[in-house]
1. Among the residues in segment 132-155, are any surrounded by 19 or more Cβ atoms within 10 Å (Cβ to Cβ), in a loop (DSSP other than H, G, I, E, B) and either among the hydroxyl-bearing types (Ser, Thr, Tyr) or touching a residue at least 60 places away in the same chain (Cβ under 8 Å) (or both)?
2. Return the residues of segment 198-211 that are within 13 Å of ligand 1 (Cβ to nearest atom) and crowded, with 21+ Cβ neighbours inside 10 Å; say none if nothing qualifies.
3. What number of residues within segment 53-94 satisfy the criterion of being outside any loop (DSSP other than H, G, I, E, B), more than 16 Å from ligand 1 (Cβ to nearest atom) and of a type outside the set (Lys, Arg)?
4. Note down all Cβ pairs under 6 Å where the first residue falls in segment 63-91 and is polar (S, T, N, Q), the second is not in a loop (DSSP other than H, G, I, E, B), and they're at least six residues apart or on different chains.
5. Might you let me know whether segment 212-226 holds any residue that is away from ligand 1 (no atom under 12 Å from the Cβ), in contact with a Pro (Cβ under 9 Å, 6 or more places away or on another chain) and in a helix (DSSP H, G or I)?
6. Quick test of your reading of the structure: TRP124 fulfils all but one of (1) farther than 30 Å from LEU320 by Cβ; (2) touching a helix residue (DSSP H, G or I) at 6+ places or on another chain (Cβ under 8 Å); (3) within 14 Å of ligand 1 (Cβ to nearest atom); (4) not basic (Lys, Arg). Name the failing condition by number.
Amino acid sequence: MAVLKTLARAAKQVLQSPGCGCGSSIVPVRFIGASPRQVASDASFHSVSFSETDHPRVLITGGLGQLGVGLAKLLRKRFGKNNVILSDIRKPADNVFYSGPFIYSDILDYKNLREIVVNNRITWLIHYSALLSAVGEANVRLARSVNITGLHNILDIAAEHGLRLFVPSTIGAFGPDSPRNPTPDLCIQRPRTIYGVSKVHAELMGEYYHYRYGLDFRCLRYPGIISADSQPGGGTTDYAVQIFHDAIKTGKFECNLKPDTRLPMMYIDDCLRATLEILEAPADNLSMRTYNINAMSFTPEELAQEVHKHMPELHVTYSLDAVRQGIADSWPMNFDDSNARNDWGWKHEYDLPELVTTMLNFLGTDSRLASTY
Ligand SMILES: NC(=O)C1=CN([C@@H]2O[C@H](COP(=O)(O)OP(=O)(O)OC[C@H]3O[C@@H](n4cnc5c(N)ncnc54)[C@H](O)[C@@H]3O)[C@@H](O)[C@H]2O)C=CC1
Ligand SMILES: CC(=O)[C@H](N)C(=O)O
């Protein structure tokens with residue numbers, strides 16, 4: 001009899017645990033300081049809905065990094081200034097602060113995050129907070145905390161409030177055992193950085209919450225992103241931004257990767273447009289929840305050659321950063337994004353020549369000015 005009671009208790013626990021796929025649809029609900037719980041998805045507080053005819057109410061976490069301000073600008077144009085809230089743990093510059101709603105949000109503070117989502121009736125959550133590849137290797141504990149614990153907060157809040165959740169992944173979610181030229185969507189993923197490991201975790205957890213709890217999780221694996229008016233936050237692909245700034249300021253550039261290191265790259269406008277497109281794509285078009293996207297693939301040497309066409313005097317030298325080189329050598333050289341192109345019509349606009357012209361023009365020079373160096 002005692003054995004039967006124990007078995008019954010164990011069965012009850014299994015049925016109540018997140019691993020159980022039976023019974024009614026459930027969403028995880030976490031209260032402050034407690035572990036995740038499950039509540040029937042038709043519980044009365046879970047009534048936030050997003051009608052496709054309304055504008056979404058968007059929250060961007062980690063919004064003061066390389067990508068967030070540009071994304072806020074694009075989304076505000078589309079959905080209205082006050083419907084897009086930027087958040088971060090840093091202090092915004094005046095122009096950012098006065099360009100639309102900004103709020104302090106530390107993704108490690110679950111209660112604060114939840115309050116923001118509730119008080120602002122958020123319907124879309126764009127989760128940009130992260131420590132990137134090189135910075136992550138220099139501070140593994142913090143990267144683990146922000147990129148993994150922070151993600152858990154985001155997932156629970158998104159599931160609890162029925163949000164559409166976008167989390168970017170990266171070429172860094174692949175590793176030396178992945179096919180590198182090209183790298184398809186589905187293949188072995190054994191990254192060797194805490195950044196990559198945390199991003200594979202994000203992909204898998206997001207998809208798990210999608211299939212298990214119905215979370216509307218959407219994820220793009222970005223290549224290295226190149227932007228003129230925002231600085232990268234400590235990644236392996238940062239050289240491809242820095243070359244433009246140094247070329248214009250000093251006419252010299254010291255590259256921290258080998259000249260023949262090939263990596264997939266994209267201009268920021270394409271990246272942000274892709275993000276909006278997948279967020280707006282009808283769910284029926286998405287045969288997957290995590291897609292590679294790509295625009296071009298080049299080496300430092302090829303990039304320098306293209307810049308030389310505008311600035312023949314540019315002097316490029318190479319002084320390797322062993323950590324970044326090791327990371328780059330394990331990442332994809334070319335990215336196969338055919339599923340994104342087929343499923344929801346992804347198409348890049350900027351190739352290498354277009355990128356270089358745009359960056360140099362934006363930063364205040366072009367081939368006509370090259371002679372002044
Ligand atoms: N920029 C790129 O080339 C690529 C970016 N991605 C992904 O896109 C997302 C955005 O990237 P970037 O803007 O380049 O990153 P970034 O490093 O420039 O910015 C990240 C932001 O997260 C914030 N943050 C750190 N800890 C936080 C916390 N506890 N709470 C709230 N915010 C916190 C930082 O203050 C920073 O403003 C990241 O998830 C990154 O992994 C993916 C592939 C390529
Ligand atoms: C490609 C990325 O994810 C990022 N730019 C990095 O280099 O860490």
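Read the figures in this text as sums done on the coordinates, not as results from a lab. Remember, predicted model here, so these are calculated numbers, not experimental data. Using ideal geometry, Cβ is built from the backbone for each residue, glycine included, and neighbour counts are taken over all protein chains shown.
1. The answer is yes, given that some residue of segment 132-155 is surrounded by 19 or more Cβ atoms within 10 Å (Cβ to Cβ), in a loop (DSSP other than H, G, I, E, B) and either among the hydroxyl-bearing types (Ser, Thr, Tyr) or touching a residue at least 60 places away in the same chain (Cβ under 8 Å) (or both).
2. Those that are within 13 Å of ligand 1 (Cβ to nearest atom) and crowded, with 21+ Cβ neighbours inside 10 Å: SER198, LYS199, ALA202, GLY206.
3. 4
4. Final answer for the pair search is SER87/THR61; SER87/ILE103.
5. Yes, segment 212-226 contains a residue that is away from ligand 1 (no atom under 12 Å from the Cβ), in contact with a Pro (Cβ under 9 Å, 6 or more places away or on another chain) and in a helix (DSSP H, G or I).
6. (3)
The rows are residues; the columns are (1) part of a helix (DSSP H, G or I); (2) in contact with a strand residue (DSSP E or B) (Cβ under 7 Å, 6 or more places away or on another chain); (3) among the acidic types (Asp, Glu).
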{"position": "ASP185", "(1), (2), (3)": "no, yes, yes"}
{"position": "LYS199", "(1), (2), (3)": "yes, yes, no"}
{"position": "TYR209", "(1), (2), (3)": "yes, yes, no"}
{"position": "LEU257", "(1), (2), (3)": "no, no, no"}
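Here's the yes/no breakdown for (1) buried (at least 19 other Cβ atoms within 10 Å of the Cβ); (2) small (Gly, Ala, Ser); (3) closer than 24 Å to GLY70 by Cα:
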{"residue": "ASP270", "(1), (2), (3)": "yes, no, yes"}
{"residue": "THR275", "(1), (2), (3)": "yes, no, yes"}
{"residue": "ALA283", "(1), (2), (3)": "no, yes, no"}
{"residue": "PRO300", "(1), (2), (3)": "yes, no, no"}
{"residue": "HIS308", "(1), (2), (3)": "no, no, no"}
{"residue": "MET311", "(1), (2), (3)": "yes, no, no"}
